[in-house]
1. Output the number of residues of region 223-246 satisfying the condition of being in contact with an Asp or Glu (Cβ under 8 Å, 6 or more places away or on another chain) and free of Cβ contacts under 8 Å to residues at least 40 places away in the same chain.
2. Look through 59, 139, 80 and report the one residue that is over 30 Å from residue 165 (Cα atoms) and surrounded by fewer than 14 Cβ atoms within 10 Å (Cβ to Cβ).
3. What tally of residues in region 90-110 results from selecting those that are in a helix (DSSP H, G or I) and either charged (D, E, K, R) or open to solvent by 30 Å² or more (accessible area, probe 1.4 Å) (or both)?
4. Do we have any residue at all in region 67-79 that's within 19 Å of residue 41 (Cα to Cα), β-branched (Val, Ile, Thr) and in contact (Cβ under 8 Å) with a residue 40 or more places away in the chain?
5. List the pairs whose first member sits in region 6-31 and is at pLDDT below 75 and open to solvent by less than 40 Å² (accessible area, probe 1.4 Å), whose second member is in a helix (DSSP H, G or I) and not hydrophobic (A, V, I, L, M, F, W, C), and whose Cβ atoms are under 9 Å apart, counting only residues at least 6 apart or on separate chains?
6. So for region 231-245 (the condition being at pLDDT 95 or above, open to solvent by 90 Å² or more (accessible area, probe 1.4 Å) and in contact with a helix residue (DSSP H, G or I) (Cβ under 8 Å, 6 or more places away or on another chain)), does at least one residue qualify?
7. For region 155-171: of the residues being among the β-branched types (Val, Ile, Thr) and more than 18 Å from the chain's Cα centre (by Cα), which is surrounded by the fewest Cβ atoms within 10 Å (Cβ to Cβ)?
8. Just one of (1) surrounded by fewer than 17 Cβ atoms within 10 Å (Cβ to Cβ); (2) β-branched (Val, Ile, Thr); (3) closer than 30 Å to residue 68 by Cβ trips up residue 226, so point out which.
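The values are calculated or read from the model by the stated rules, or taken from the named source; none is laboratory data. Here the structure is a predicted model, which means the values were calculated and not measured. Cβ coordinates were reconstructed from backbone atoms using ideal geometry, including for glycine residues, and neighbour counts include every protein chain displayed. The protein model used for the area step is the full one, side chains on, heavy atoms only, and it has no ligands, DNA or RNA in it. Shrake-Rupley method; radii C 1.70, N 1.55, O 1.52, S 1.80 Å.
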Amino acid sequence: MFERLIRWVRNILRAGTDGITTNIQLSGEMESAISRWARIYEGCPDWCPKGTHSLRLASSIASEFARLVTLEMAVNIEGSARAEYLGTQIEPFLERIRSYTELGCALGNMVFKPYVADNRILIDAVQGDCFLPIAFDSSFRMTDVVFVEQQIAGRQIYTRLERHKFEDGTDTITNRAFQSESNQSLGREILLTDVASWSSIAPEAKISGIEKPLFAHFKVPITNRVDRHSPLGTSVFAEAVDTLRD
């Protein structure tokens, strides 16, 4: 599925319908690796034919890393009424931080993207196979990215592409929606209002006067041996795939 998403978005970039002229900063090696890590983590590796059960060692490895990382983690936001408010808002996210960390360890990357809904601050945890990096700055900080969300209703597949581009203190957020009856293509572009849960999302918004992008990229802090030139992280079990297969 990840490879198809990349192909769809690349076609949009080449078409230039939204003014993007750059390519996705993701090599073929990283595309294949992220998809493979996801299948291994889910217990469906390439080496397990139908009827063969996986030991699911990969999920145990990622789970143990997440346990060790979050076991003694503490977050305190205090000192003012605003701090107390933020501390209350972040509590639901922290309750799920171990699960998010496990998913990030398994696929090598995750993006945390806060947003406001129903007068609450929520944080969307975007897994490594649901976002496509467009650009990084000189510090290897992601500054331009496309997030992918899909909903299925009967035979219809709805896909939303949300792009965040940070440049000169301004984050430009654009949203586009597509409808298809097949998972082989994005299908035709539709209005955001055609999907009830997306009807309140603006097609474009600009937030100025900020110092950094409105999202945070978590990556596993080990050397990327799949693509030494990529700013992306790799799975915690990337170097053990051959052992897992054996």
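1. Total satisfying the criteria: 1.
2. 80
3. 10
4. no
5. Short answer, once both residue conditions are applied: 6/31.
6. No.
7. Taking the candidates together, the pick is 170.
8. In the conditions (1) surrounded by fewer than 17 Cβ atoms within 10 Å (Cβ to Cβ); (2) β-branched (Val, Ile, Thr); (3) closer than 30 Å to residue 68 by Cβ, residue 226 misses (1) alone.
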